[in-house]
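Below is one structure, written out as structure tokens; comments come after it.
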Amino acid sequence: GGKRRRGALSADRQQEAAASAALEGPRAFSLERLLAYFRMVTKQSYDEAGAGSEDLARELLSADVFMQISSMVALGLLSRVGGADSLESARYRCDIGDDLAQKIAANLRVNLHNYLSYV
């Protein structure tokens, strides 16, 4: 009998989904998700630097995130694909290639594969 472990089956499914996603191209994501990644990367940076939570809170409040998002759209790194009526319903799509995404992630010391899930 060839019973497979649950983990192996899940890995196979993840691999198939990743291959399918590569053919379909990038999917749209919400502004909320984009902001959550920003907070995660900023927190990780402050944790590594040994900065206090007050410094982190100040950075998160002072960062002009929306100006940065607008700049990324203007540069063609992101596209706004929905939610033209309000910021709350805004949806974006990443328009950079895998190579550039990997370089940016490495520069930020983020393992990109930890954040890409296709299943």
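The values are calculated or read from the model by the stated rules, or taken from the named source; none is laboratory data. Model, not experiment: these values are computed from the prediction. Every residue, glycine as well, gets a Cβ built from its backbone with ideal geometry; the counts of neighbours run over all protein chains shown. Each accessible area value is taken on the protein alone, full model and side chains, heavy atoms only, with ligands, DNA and RNA left out. Shrake-Rupley method; radii C 1.70, N 1.55, O 1.52, S 1.80 Å.
Inspect all residues belonging to region 93-104 and state whether any of them is open to solvent by less than 90 Å² (accessible area, probe 1.4 Å) and at pLDDT below 85.
Among the residues of region 93-104, not one is open to solvent by less than 90 Å² (accessible area, probe 1.4 Å) and at pLDDT below 85, which makes the answer no.
Within the set of pairs 6+ apart or on separate chains, which have a first residue in region 52-77 that is within 27 Å of Pro26 (Cα to Cα), a second that is surrounded by 10 or more Cβ atoms within 10 Å (Cβ to Cβ) and small (Gly, Ala, Ser), and C-beta atoms under 9 Å apart?
Pairs that qualify, where the first residue is within 27 Å of Pro26 (Cα to Cα) and the partner is surrounded by 10 or more Cβ atoms within 10 Å (Cβ to Cβ) and small (Gly, Ala, Ser), are Ile69/Ala90; Val73/Ser79; Leu77/Ser71.
Run Gly76 past the list (1) in a helix (DSSP H, G or I); (2) at pLDDT 75 or above and report the number of the one that doesn't hold.
(1)
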